[in-house]
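The structure under discussion appears below in the form of structure tokens.
FYI, it's all coordinate maths here, none of it is from the lab. This one's a predicted model, so the numbers in the text were calculated from it and none came from an experiment. A quick note on method: Cβ atoms are made from the backbone with ideal geometry, for glycine too, and the neighbour counts reach across all protein chains shown.
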Amino acid sequence: MSEEAKTRKLVVPGERLPDEVELKEPYVVEVEGARVATVMGVLDLHGEKPSFIPLQTVYVPKPGDVVIGMIQSIGVMNWQVDINSPYVAVLNAQDFLGRPYNPLTDDLSQYLNIGDYVKAKVVAFDRSRSPILTVQDKGLGKITEGKIVEIQAAKIPRVIGKKRSMISMLQEELGCDIFAAVNGRIHIKCADSERESILVLAIKMIEREAHTVGLTARVQEYIQELKKVKGVE
């Protein structure tokens, strides 16, 4: 048995967790003085203290999160943005344009239309109002090339891996640019369609098998087999 297998355990809803596991509602709650999992997840015993990684989550925005959003509708002064969450976010026109906005002369649909994707940062959210987004930071703004792959937000840490081990392997094997946003959307840019299709299949494999051990090595082998089949160097 590998060292990873010895330190990782699949947990079912209702199972008691070690007292050292962080209380993280609604996925880890306290019942009669004990920490209990409310969803299926992985108990990781590696490191200074055990941690619980839920495999079923709903993305709840936090200030500082960088997300990939899809334009859902266009208002008079802003865009409503689907961020793969129960909460619809707002991106103000003045923030996106970086200048004062005049609704009489500016047509918002010329800048961002329904179905377009943006990379943005959550700047405010307190559950009493919609999350507010900004694109006024390096690397943020409209996504104009590449492909968006959507998976369960809970599986994003597995796509990244410990110390970025998984995402680094994907980039080295395929030479693609990969940005995995915390809300379950991944922006990929590859040199050709063959590498892109292999990467999408690999990401979906990670999503399906996120709870298993030895996953990085298996995904790497899977990619190498697909590269041989498709003639990718």
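Descriptive notes on the structure:
- Label-reachable residues, segment 117-161, where backbone N falls under 16 Å from a point 7 Å from Lys24's Cα toward its Cβ: 152-161
- Bridgeable lysines around Lys228 (alpha carbons under 22 Å apart, same-chain partners fewer than 8 residues away excluded): Lys189, Lys204.
- Mean shadow area of segment 38-128, taken as a quarter of the surface of its Cα convex hull (nm²): 8.2
- Highest average packing first - 106-113, 177-184, Cβ atoms within 10 Å: 177-184, 106-113
- Beta bridges per DSSP with both ends in the chain, % antiparallel, nearest 5: 95
- Over segment 129-202, relative contact order from alpha-carbon pairs under 8 Å, at least 6 apart, %: 30
- Cα gyration tensor shape for segment 154-197, rounded if a/c is under 1.5, else prolate or oblate: oblate
- Here is the size of segment 147-230 from its Cα atoms: Rg then Dmax, 11.5, 33 Å.
- The chain: relative contact order in percent, alpha carbon pairs under 8 Å with at least 6 residues between: 16
- Flagged links, alpha-carbon separation over 18 Å, of Lys62/Lys119; Lys24/Lys162; Lys155/Lys230; Lys142/Lys163; Lys121/Lys162; Lys24/Lys121: Lys24/Lys162; Lys155/Lys230; Lys142/Lys163; Lys121/Lys162; Lys24/Lys121
- Rg to Rh quotient for segment 81-230, alpha carbon positions, Kirkwood Rh: 1.04
- Peptide packing for 215-228, 12-25 was compared via the average number of neighbouring C-beta atoms within 10 Å per residue; ordered from the highest value, the list is 215-228, 12-25.
- In degrees, nearest ten, helix 165-174 long axis to first principal axis of the chain (Cα): 70
- To the nearest ten degrees, helix 215-230 and the longest principal axis of the Cα atoms of the chain are 60 degrees apart.
- Residue-by-residue Karplus 3J(HN,Hα) for segment 73-86, coefficients 6.51, -1.76, 1.60, Hz, glycine and proline x: 7, 10, x, 6, 10, 7, 10, 9, 10, 6, 10, 6, 8, x
- In the calculated pair-distance distribution of segment 1-153, the portion above 25 angstrom amounts to 46 percent of the Cα-Cα pairs.
- FRET efficiency, Ser197 to Ala34 (Cβ-Cβ, R0 41 Å, nearest 0.05): 0.35
- Diffusion coefficient, µm² s⁻¹, Stokes-Einstein with Kirkwood Rh over alpha-carbon pairs of segment 3-54 at 10 °C and 1.306 mPa s: 147
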